[in-house]
Amino acid sequence: MNQKRITDDLQVLLEVLPITISKAVTEANNSDNLLEIIIDLGRNPTARFVDSEIPLTTNEATHADLDYVVQRIGEFDGDNRAGLERTLHRISAIRNRRGHIVGLTCRVGRAVYGTLDIIQDLVESGKSLLILGKPGIGKTTMLREAARILAESKRVVIVDTSNEIGGDGDVPHPAVGKARRMQVSKPSLQHEVMIEAVENHNPEVIVIDEIGRELEAAAARTIAERGVQLIGTAHGRSLENLLLNPTLSDLIGGIESVTLSDEEARRRGTQKTVLERRAPPTFDMLIEIQERNHLAIYQDVSAAVDNLVRGYSLTPEFRYRDENNEIHIEKPAAKSENRPISSAQRNSGNMDTAPFQRHYLNKTGFSEHISDRMTNSTPISKNARDHAPIRIYPYGIARNRLLQASRRLGVPALVVKDLEEAQTLVTMRTYYRNRQQSILDAEQRGIPIYVLRANTINQMEQFLADLFNLPGNVIEEPVNEKSNMQTRAAIEAVLNGERWVDLPPADAALRRLQHDMARQAQLVSQSFGKEPNRRVRIFRD
């Protein structure tokens, strides 16, 4: 296993800072974790580390402090970024309305050797690879080492918009090895330099940092279609974020609305208007850097996007590096990649045997159990008559509504304020998809997670009913299956020419399901009659 080696040239950055600030950074004695130094006019200079932020001096920054730094660094480009020659440090300016500098962000640039071994097999596969992750998590560091390793055997050209990959100055930093570097005079011209690199310099690999505009996404597609391997980063934190970004979704194929034929819609069991992937993806593989040493990998972006738009479960490959620098790989189960969750699995709860499960409340209120990452814990017992208190940690959920829902159901739900005390966590879909830190912590601890679609009392009651396994809250499987069969037969009859079909009397929950099925088949449904003989009629518009 390669040992990591870090070169940061920190002393060079400290020499351009005011003496008091430079001395305070040195005394902090935590340089390996130092991310950036913030100097804002009228505020205390601050050092940001990987997991903390500390003030450096008790004195507020002045114009003289800002001028001291500006006079000792290179010129600011069109994106308000400057650098220090032969280093990877980046100084970004904040200006007021008159164009005067009132703040500086001094990002510490590090050449880290030995970090790429976790994905080196993917980089050397010859396939195009896109890296996503939040700012400061290590995307550019990984990109730089990929360029160095590939340049040992291939022709590599780096399109270096802000000189972050190859460093400031005309001579690239040694960290990029034999790779050639093309600088970009203005960020808005990055797409032109990308095309120029292919047309003029005959590369086998193009390395691009921060694809953020539509023209750059179009240029990346052009390059990929010419048979050149792309290694790049983009703004976004997950596959879903990228797919919903209208500017960059083309990188992974994009989505469009299509209308299916009646026969195809019936075969799929969906409504006639559905979302589909628009084109082949520009990048073959996608890597989400969830944490510094934790990656989620989609080795087939086409399949992942297809599964996502069709409502199938997504299970990426997980790779992580432990404290001993050992790399671990968790391959996804094949069966969860290519088929939707069946209704029998949904109601019986007899899913994958993985001990950790994510619980998802669907729009009808019934609970879907979707197998997720393996952990070393056991889920909460759900005996039908076991109403022992359960400690719930709500994340992004209205606590007063959750307490109100528990009182209405008469269940002993204990709402706690600390995740360490919780037996389960309940959150919203948005927070779960964005992989908030509390969600990641719960997964690491093996705490079951329930995901609600809406922050409403009704959804919370459904969640609590499922958690405490209240009798009579979910329709029994035989009744539900019989109703589904009857509804499907009625829909089929109307599609084949019947003017209308009446379904047998049903309660409100079953009628909602019948209305949903009719709507998905592009038919009209209406309830009529009085309880307990109220029923649904299905007909054409």
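Odds and ends about this structure:
Results for (1) under 28 Å from residue 114 (Cα atoms); (2) touching a residue at least 12 places away in the same chain (Cβ under 8 Å), shown as yes or no for each residue.
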position: 177; (1), (2): yes, yes
position: 195; (1), (2): no, yes
position: 200; (1), (2): no, no
position: 210; (1), (2): yes, yes
position: 235; (1), (2): yes, yes
position: 244; (1), (2): no, no
position: 261; (1), (2): no, no
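For every residue, the table says whether it meets (1) of a type outside the set (Ser, Thr, Tyr); (2) surrounded by fewer than 16 Cβ atoms within 10 Å (Cβ to Cβ); (3) modelled with pLDDT of 80 or more.
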site	(1), (2), (3)
230	yes, no, yes
233	no, no, yes
245	yes, no, yes
269	yes, yes, no
273	no, yes, no
277	yes, no, yes
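- Complete set of residues in the range 157-175 that are among the small types (Gly, Ala, Ser) and in contact (Cβ under 8 Å) with a residue 40 or more places away in the chain: 162, 167, 169, 175
- One residue alone among 262, 306 is farther than 23 Å from residue 328 by Cβ, surrounded by fewer than 16 Cβ atoms within 10 Å (Cβ to Cβ) and modelled with pLDDT under 85, and that residue is 262.
- Search result, residues across the range 175-190 that are part of a loop (DSSP other than H, G, I, E, B), more than 30 Å from residue 5 (Cβ to Cβ) and within 30 Å of the chain's Cα centre (by Cα): 186
- Candidates 278, 319, filtered to the one that is among the basic types (Lys, Arg) and in contact (Cβ under 8 Å) with a residue 40 or more places away in the chain: 319
- Hits in the range 114-144 - residues which are of a type in the set (A, V, I, L, M, F, W, C) and under 15 Å from residue 229 (Cα atoms): 122, 123, 129, 130, 131, 143
- Considering the range 487-541, the qualifying strands (runs of 3 or more DSSP E), each wholly inside and each with 3 or more residues that are surrounded by 14 or more Cβ atoms within 10 Å (Cβ to Cβ), run over 524-528, 535-539.
- Just so you know, in the range 221-238 the residues that are among the hydrophobic types (A, V, I, L, M, F, W, C) and not in a helix (DSSP H, G or I) include one that is nearest to residue 290 (Cα to Cα), and it is 234.
- If you go through the range 501-522 and keep only what is closer than 26 Å to residue 274 by Cβ and touching a Lys or Arg at 6+ places or on another chain (Cβ under 6 Å), you end up with 503, 522.
- The lone exception for residue 79 - which of (1) within 16 Å of residue 17 (Cα to Cα); (2) touching a residue at least 60 places away in the same chain (Cβ under 8 Å); (3) touching a helix residue (DSSP H, G or I) at 6+ places or on another chain (Cβ under 9 Å) it fails: (1)
- From the options 245, 241, residue that is not in a helix (DSSP H, G or I) and not aromatic (Phe, Trp, Tyr): 245
Yes or no, residue by residue, for (1) among the hydrophobic types (A, V, I, L, M, F, W, C); (2) in the same structural domain as residue 171 (by TED's automatic domain parsing); (3) in contact with a Ser or Thr (Cβ under 8 Å, 6 or more places away or on another chain); (4) closer than 20 Å to residue 144 by Cβ:
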residue	(1), (2), (3), (4)
185	no, yes, no, no
200	no, yes, no, no
220	yes, yes, yes, yes
224	yes, yes, yes, no
229	no, yes, yes, yes
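- Residues being within 26 Å of residue 220 (Cα to Cα) and among the basic types (Lys, Arg) are entirely absent from the range 43-61.
- Close pairs (6 angstrom Cβ cut-off, 6 or more residues apart or separate chains): over 16 Å from residue 83 (Cβ atoms) in the range 9-37, in a loop (DSSP other than H, G, I, E, B) and modelled with pLDDT of 85 or more anywhere: 20/57; 21/45; 21/56; 24/56; 24/57; 34/108
- Residue match in the range 287-295 (condition: more than 21 Å from the chain's Cα centre (by Cα) and without any contact (Cβ under 8 Å) to a residue 40 or more places away in the chain): no
- For residue 463, the stated conditions do not hold, so it cannot be described as surrounded by 21 or more Cβ atoms within 10 Å (Cβ to Cβ) and at pLDDT below 85.
- Taken over the range 313-330, the criterion of being among the hydrophobic types (A, V, I, L, M, F, W, C) and loosely packed, with under 13 Cβ neighbours inside 10 Å is satisfied by 329 alone.
Quick grid of which residues meet (1) part of a strand (DSSP E or B); (2) buried (at least 20 other Cβ atoms within 10 Å of the Cβ); (3) within 29 Å of the chain's Cα centre (by Cα); (4) assigned by TED's automatic domain parsing to the domain that holds residue 79:
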position	(1), (2), (3), (4)
125	no, no, yes, no
135	no, no, yes, no
145	no, yes, yes, no
162	no, yes, yes, no
166	no, yes, yes, no
170	no, no, no, no
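- Among the residues of the range 468-480, at least one is at pLDDT 80 or above and either touching a helix residue (DSSP H, G or I) at 6+ places or on another chain (Cβ under 9 Å) or outside any loop (DSSP other than H, G, I, E, B) (or both).
- Hits in the range 298-322 - residues which are touching a helix residue (DSSP H, G or I) at 6+ places or on another chain (Cβ under 7 Å) and not small (Gly, Ala, Ser): 298, 301, 305, 308, 314, 315, 319, 321
- The criterion of being within 25 Å of residue 435 (Cα to Cα), among the hydrophobic types (A, V, I, L, M, F, W, C) and buried (at least 23 other Cβ atoms within 10 Å of the Cβ) holds for residue 130.
- Here residue 149 fulfils each of the conditions (1) surrounded by fewer than 20 Cβ atoms within 10 Å (Cβ to Cβ); (2) in contact with a strand residue (DSSP E or B) (Cβ under 6 Å, 6 or more places away or on another chain); (3) hydrophobic (A, V, I, L, M, F, W, C) apart from (2).
The values are calculated or read from the model by the stated rules, or taken from the named source; none is laboratory data. Keep in mind that this is a model prediction, so the values were computed, not measured. Neighbour counts run over all protein chains shown; Cβ positions are idealised from the backbone, glycine included.
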